[in-house]
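Report on the structure given below.
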């Protein structure tokens with residue numbers, strides 16, 4: 001039905017009827033998505049300096065996360081590197097004082113940071129060599145989120161709108177809404193999108 005004018009069933013394809021049924025949820029889903037997006041944001045992790053140690057000494061994080069080091073006493077640094085030797089990790093270099101003047105160090109990890117182990121240590125005197133003041137971050141990228149067409153960390157009405165806008169055969173350009181790679185955006189892709197609905201893992 002368009003407005004108050006019914007459309008004969010014979011004139012409607014299955015995909016068209018399915019699109020009309022789904023489209024009615026787009027506006028409500030987009031509004032709901034605002035609350036989902038807040039919870040899907042990158043995480044913040046806190047590491048505390050305790051004596052000659054960083055606690056926790058190992059932590060699993062994701063690209064885009066924010067790491068905050070907090071001082072409790074003494075003069076220290078947060079310096080990227082391994083075996084008490086300064087160095088960069090995938091182009092990221094950290095070398096900040098952690099002392100009474102700067103009692104916190106905050107670093108937002110690049111969203112494209114490679115998976116692996118980012119080592120860091122205190123580069124003051126022999127804190128690392130003599131007292132073992134070093135630790136590490138294990139960088140693990142989140143699993144792909146099927147249906148998150150706009151990459152905001154949530155499968156919601158915004159992604160549904162993009163899929164409906166691309167409905168039909170794919171052209172020569174990239175067809176991101178073709179989730180199953182069969183060359184067209186249709187009910188099969190919609191099923192995959194709905195199956196991943198909500199905040200990405």
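Any read-out appearing in this document is the output of simple, stated calculations on the displayed coordinates, not a laboratory observation. What you see is a predicted model, and the numbers here were worked out from it, not measured in a lab. As a convention, Cβ positions derive from the backbone with ideal geometry for all residues, glycine included, and neighbour counts pool all protein chains shown.
Structure data summary
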| quantity | calculated |
| --- | --- |
| Viscosity 1.306 mPa s, 10 °C: Kirkwood-radius Stokes-Einstein D of segment 92-185 over Cα pairs, µm²/s | 90 |
| Over segment 143-201: Kirkwood hydrodynamic radius from C-alpha pairwise inverse distances, Å | 11.2 |
| Taking 58, 96 and counting other C-beta atoms within 10 Å, the order from fewest to most | 58, 96 |
| Estimated distance in nm for a label pair at residue 44 and residue 138, the labels positioned 7 Å out from Cα along Cα-to-Cβ | 2.5 |
| Kirkwood estimate for segment 40-137, i.e. one over the average of 1/r between Cα atoms, Å | 13.3 |
| Counting DSSP beta bridges with both ends in segment 44-139, the antiparallel % (nearest 5) | 70 |
